[in-house]
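Since the structure comes first, as structure tokens, the remarks are kept for the end.
The values are calculated or read from the model by the stated rules, or taken from the named source; none is laboratory data. The shown structure was predicted, so the numbers you read here are calculated from the model rather than taken from an experiment. When we count neighbours, we look across all protein chains shown, and the Cβ atoms used for this are built from the backbone with ideal geometry, even at glycine. We work out accessible area using only protein heavy atoms, side chains counted, and drop any ligands, DNA or RNA first. Shrake-Rupley method; radii C 1.70, N 1.55, O 1.52, S 1.80 Å.
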Amino acid sequence: QVQLVESGGGLAQAGGSLRLSCAASGRTISNDAMGWLRQAPGKERELIAAISWGGGATYYADSVKGRFTISRDNAKATLYLQMNSLKPEDTAVYYCAAERTFGLVTNKDNYDYWGQGTQVTVSS
């Protein structure tokens, strides 16, 4: 069993930056694929970034490619999302997720564990 806790959300202006963190506990996540998902009001939850267990492979949705960077520190059991050049349309609740597999998980339905989410609001 794994517990995931997101932090780092808040209010930012368009063009600004935020860094989200996800701390894992309960068991090691060094062999887990992980990802970031978000849900805006009235919209479906979408996968925006994913990373393999060793960090060697990554995936980004077109909406965030070139602006967001996913990374992980397995020694600290922590997942990160660096968000630059923020836009108002980035406003959403952001969730981290994990799946006990070695590869890259790009289907949101395949993640078994979820955090409670952190709110990101970007003003124009």
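General observations
- Per this entry, Ala49 is counted among residues that are open to solvent by less than 60 Å² (accessible area, probe 1.4 Å) and either modelled with pLDDT of 95 or more or not aliphatic (A, V, I, L, M) (or both).
- Selection status of Asp109, among the charged types (D, E, K, R), surrounded by fewer than 21 Cβ atoms within 10 Å (Cβ to Cβ), more than 13 Å from the chain's Cα centre (by Cα) and modelled with pLDDT of 95 or more: no
- Leading residue by the ranking (surrounded by the fewest Cβ atoms within 10 Å (Cβ to Cβ)) among those in the range 28-46 that are in contact with a Lys or Arg (Cβ under 6 Å, 6 or more places away or on another chain) and closer than 21 Å to Gln1 by Cα: Leu37
- Members of the range 1-59 found to be closer than 18 Å to Asp112 by Cβ, β-branched (Val, Ile, Thr) and within 12 Å of the chain's Cα centre (by Cα), listed by number: Val5, Ile51
- Leading residue by the ranking (modelled with the lowest pLDDT) among those in the range 1-19 that are assigned to a loop (DSSP other than H, G, I, E, B) and either open to solvent by 70 Å² or more (accessible area, probe 1.4 Å) or of a type in the set (Gly, Ala, Ser) (or both): Gln1
- Among the residues of the range 80-92, those that are in contact (Cβ under 8 Å) with a residue 60 or more places away in the chain and open to solvent by less than 70 Å² (accessible area, probe 1.4 Å) comprise Tyr80, Leu81, Gln82, Met83, Asn84, Ser85, Leu86, Pro88.
- Residue in the range 92-104 that is aromatic (Phe, Trp, Tyr) and at pLDDT 95 or above present: yes
- The one condition in (1) aromatic (Phe, Trp, Tyr); (2) open to solvent by less than 40 Å² (accessible area, probe 1.4 Å); (3) closer than 13 Å to Glu46 by Cβ that Tyr60 fails to fulfil: (2)
- Complete set of residues in the range 63-79 that are open to solvent by 60 Å² or more (accessible area, probe 1.4 Å) and at negative phi: Lys65, Thr69, Ala75, Lys76
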